[in-house]
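Report on the structure given below.
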Amino acid sequence: MTHRPSLGVCYYPEHWPEERWAEDARQMAELGLRWVRVGEFAWNRVEPREGDYDFVWLHRAIDGLRAQGLAVVLGTPTATPPRWLVDKHPDMIPVGRDGQPRTFGSRRHYSHSHAGYRAECRRITEKFASEFGGKVQAWQTDNEYGCHDTVRSYGPHDLTAFRLWLSERYETIEALNDRWGNIFWSMTYDRFEQIALPNQTVTEANPAHWQDYYRFASDQVVSFNREQVDIIRAYSDAPISHNYMGRVLEFDHFSVGADLEIATWDSYPLGFLEDRIPATPEHKVAHARQGDPDFQALHHDLYRAVGSMSGKGARWWVMEQQPGPVNWAPVNPAPLPGMVRAWTWEAVAHGAEVVSYFRWRQLPFAQEQMHAGLLRPDGKPSAVWDEVAQVARELAEMDVATETADVAIVFDYQSCWAWEAQPQGEINGDAFSHFDVVMRYYRALRKLGLSFDILPPSTTDFGARRLVIIPALYAWTESLRGAVDAFGGHVWLGPRTGAKTEDFALSDALWPGVTRSHVETFRDTRPLLRGGAFECWMDHVETEHDVEEFTRDGAPAWVRDGKVHICCGLPDEALMTRWMTKICAKAEVETEALPASIRRRDLGGRRVYVNYGAQTVDLHGEPIAPAEVRLVHQPEMNADNAPPTL
């Protein structure tokens, strides 16, 4: 699939005097921007009182943008219901895990289960779609599902909806009791109406209860999104998107993506480094102005996969790219000069159609007044202006073709929920997490210069790939197990993979011929292997298959059944590097030992290198500076001359 990448920006005309709008649109076009997102927070501006609509100003704003040749993404405004709507439906407010209702005064103050609010969302979505269906070039539903811990609500409407969801899933209460194992602790129910939400039990609730609640909460997001999509499609042929966030795991993005043409996400490398990446203080200091080298890349690949779920091509964008200091992280440094351009190139190298910056102009009031934009509050260009202009020129004549990678990693949202429900161990003080285990494998392989595809657990065919990594998958799906059996390449099963059934019971075996005798989690004592150790987790197994490596105590550490490899623990960094190098060699996957701060991405005959470090390092005999992007045509890799620098 070939496309020409372009740039965009997020714009809020309602925040600025109308006499400024034409100048804003002119500057956007001159800067080289192509796309502008508007409208996603404007509910009260277009409907200040119930049924009293004012779309005239938004028509004028969109007309002004289009007059400059700009394409418009229009967001439905359902992430910011106005005060009058909360007064009408006071019980639409979500309830936290502590049982306390939240309040009006910010955003995302609604429960996905509230029938009255969902009806209001259908109404305002239809008004937007009927007004602008033939005028805009793309749509966005809502904004950042899950942000601010807003997928899971624990109020009366959620309880009613959860009981209905359970009755539809299990049909009889006897089936639920049997599959949850409710004979334990006398937890048996006589009818669905007796079941409560799992957040207020005396001690831990049944993990099967939690897992089903997590599934239910995810399904509520999927159906909420689908209602808006169905309405928009009745009025518009333009593609529909949603902007996901970094490390928001509480709903199944693949299921939401199946109803959309485009997956987008909001990339804030410096904010995420401080806010949601488990890392040492030394790592955060070393990357304070560049961001983590792998966190954004993982999400680029993840959302490319989400963007492919509709079956209409792997379409994905960055809808919000950090352009400077943000307002919401514990620490908010400015990006290293050149880093915004480097982040943009990284996204393009992963196949992004559009990279859109948040926001056009820094706001001088309210919660995000400390969040930088492409313009300062006084309307003058910010420090990143020239970088954006440069990358716009670089992309203007560049066609990009993405291709299937040799290596894929399976990512599973249900496994995220399962290990949240029953982590059974901690990694450096953080609970055992599917996301963190995936991140460990991704980082280790990326340090070896590899490009990746992310696959959902619904995958039925691994295609012509050479190596597929399946880490910490809580339960096999029939489709994924069939894909493994039919695959001609190598498959690596990370720790805990296949440890449970769908109903959260222990499975009989991790893999045919690999039976787990017991599990061990540990803090200081680690089963040592040559050149490394297991951290946090170990599956002690009995097996009839070949053992590639043992621990020093003689326990199987790496079991091999033909081309299927079972890893019995969580490798530390040194062991992960050694084993991933070894399995890539077995799978005949080319690797490149990169300097510690350098990352590489292959892109349709091109190779993009980025220096994420704060120091200049040597790359192929030539220095590469911090934030430098180097573009190489792959046939030149064996040439004596140094790769060209953009």
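All of the numbers you see were taken from the coordinates with simple rules; none came from a lab. Model, not experiment: these values are computed from the prediction. As a convention, Cβ positions derive from the backbone with ideal geometry for all residues, glycine included, and neighbour counts pool all protein chains shown.
What to note about this one:
- Gyration tensor verdict on region 1-136 (Cα atoms; rounded if a/c is under 1.5, prolate if a/b is larger than b/c, oblate otherwise): prolate
- Counting only aspartates and glutamates at least 8 places from Lys135 when in the same chain, those with an alpha carbon closer than 14 Å to its own are Asp63, Asp237.
- Order by protection proxy (mean Cβ within 10 Å, highest first), peptides 484-490, 269-275: 269-275, 484-490
- Sparsely packed GluC sites (Glu not before Pro) within region 491-589, loop by DSSP, other Cβ within 10 Å at most 10: Glu544
- Among the GluC sites (Glu not before Pro) found in region 158-253, those both in a DSSP coil and sparsely packed, with 16 or fewer other Cβ atoms within 10 Å of their Cβ, are Glu171, Glu204.
- Taken along the Cα-to-beta-carbon direction at a fixed 7 Å, the label points for Glu368 and Ala196 span 3.9 nm.
- Beta bridges assigned by DSSP with both partners in the chain are antiparallel in approximately 50 percent of cases.
- Gain on full stretching of the segment that runs from Ala574 to Ala509 - 0.36 nm per residue minus C-alpha separation: 20.6 nm
- Spatial separation of Cα centroids for region 322-401 and region 514-547, in angstrom: 45
- From the coordinates of this entry, Cα extents along the principal axes in Å is computed, and it appears in [x] 89, 65, 49; [y] 95, 61, 40; [z] 76, 76, 41 under the label [z].
- Label-point gap, in nm, between Leu164 and Asp546 - each point 7 angstrom along Cα→Cβ: 5.6
- R0 of 41 Å, Cβ-Cβ distance Glu592-Arg122: FRET efficiency to nearest 0.05: 0.20
- Theoretical gain in end-to-end length, Met398 to His59 [0.36 nm per residue, Cα-Cα removed]: 118.8 nm
- If you plug the beta carbon distance of Glu426 and Arg97 into 1/(1 + (r/R0)^6) with R0 = 22 Å, you get a FRET efficiency near 0.65.
- Here region 598-638 is assigned +1 on the Cβ of each Lys and Arg and -1 on the Cβ of each Asp and Glu. Its dipole about the Cα centre then comes out at about 220 debye.
- Overall, the anisotropy analysis places region 524-601 in the oblate class: the square-rooted eigenvalues a ≥ b ≥ c of its C-alpha gyration tensor yield a/c not less than 1.5, with a/b not exceeding b/c.
- Looking at region 1-52, the GluC sites (Glu not before Pro) that sit in a DSSP loop and have at most 13 other Cβ atoms within 10 Å of their own Cβ are Glu50.
- Shape call, region 598-638: gyration tensor on alpha carbons, a/c limit 1.5: oblate
- In this calculation the C-beta distance from Arg276 to Ser458 is compared with R0 = 25 Å, giving a FRET efficiency of 0.45.
- Ranking of Val202, Val256 by neighbouring Cβ atoms within 10 Å, starting from the fewest: Val202, Val256.
- Range in the chain, longest, excluding exposed trypsin sites (Lys or Arg not before Pro) [loop by DSSP; at most 13 other beta-carbon atoms within 10 Å]: 313-522
- The ranking of His371, His112, His633 from fewest to most other beta carbons within 10 Å of each one's beta carbon is His633, His371, His112.
- DSSP beta bridges fully contained in region 407-586 are about 60 percent antiparallel.
- Likely footprinting exposure, Tyr474, Tyr303, Tyr53, fewest C-beta neighbours within 10 Å first: Tyr53, Tyr474, Tyr303
- Here the spin labels are modelled as points 7 Å beyond Cα on the Cα-Cβ line, and at Ser106 and Glu520 they lie 4.4 nm apart.
- Electrostatic bookkeeping for Val491 treats Lys and Arg as +1 and Asp and Glu as -1; over the other residues with beta carbon under 12 Å from its beta carbon, the sum is +4.
- Charge tally around Trp180: other residues with Cβ under 9 Å, Lys/Arg +1 each, Asp/Glu -1 each, net -2.
- Of the DSSP H helices in the chain, those whose Cα atoms cover at least 27 Å axially and whose Kyte score averages -1.0 or more: 207-233
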